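Report on the following structure.
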Amino acid sequence: MVEDNIDMQQDRRRGPDFWTKALRWLGIFGWFVMIVALYIIDMAKPEETNMFTKNLDVSVRKTWDPKLIQYLFYLLIFGLCISVIGIIINSRRHHRKDDRFKYILITLGAISTFGIIKYLFKF
């Protein structure tokens, strides 16, 4: 009888609370950081020679820009921190059956971790 009463309890939530909104904004901000990281990767990669650079005898960079790669590393660490904070908040708020994990934060953490490992073993 008590078990039936627990299942029938009314949900007293009146919409998303502060932590739910914070999780959403952490996900959005974390992916904004990843988009900036992709832009930095594009700017840091070696330049390609094309018809214009050959005809005008313009020198092109043949290596990765180490300064930009260092900024990228810091952005990846920041993205990992955002992801870990979001996952901790999400795990603390995961009490009811209809509560869901934010897989976007897990994906952000996995991509950041992969990028950090690649940086540490490649450069």
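The values are calculated or read from the model by the stated rules, or taken from the named source; none is laboratory data. Source: prediction; values computed, not measured. Every residue, glycine among them, receives a Cβ derived from its backbone with ideal geometry; neighbour counts consider all protein chains shown.
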Problem set entry | the range 69-92 residues that are free of Cβ contacts under 8 Å to residues at least 60 places away in the same chain and closer than 19 Å to residue 42 by Cα, paired with ones that are polar (S, T, N, Q) and part of a helix (DSSP H, G or I) (beta carbon under 8 Å, 6 or more apart) | 76/112; 77/112; 79/112
Problem set entry | Failed item, numbered, when residue 116 is tested on (1) more than 30 Å from residue 17 (Cα to Cα); (2) out of contact with any helix residue (DSSP H, G or I) (no Cβ under 6 Å at 6 or more places or on another chain); (3) surrounded by 10 or more Cβ atoms within 10 Å (Cβ to Cβ) | (2)
Problem set entry | When residues of the range 26-71 are limited to those that are in a loop (DSSP other than H, G, I, E, B) and of a type in the set (A, V, I, L, M), the one surrounded by the fewest Cβ atoms within 10 Å (Cβ to Cβ) | 56
Seminar exercise, completed: Of those in the range 21-57 that are β-branched (Val, Ile, Thr) and modelled with pLDDT of 80 or more, the residue farthest from residue 104 (Cα to Cα) is 49
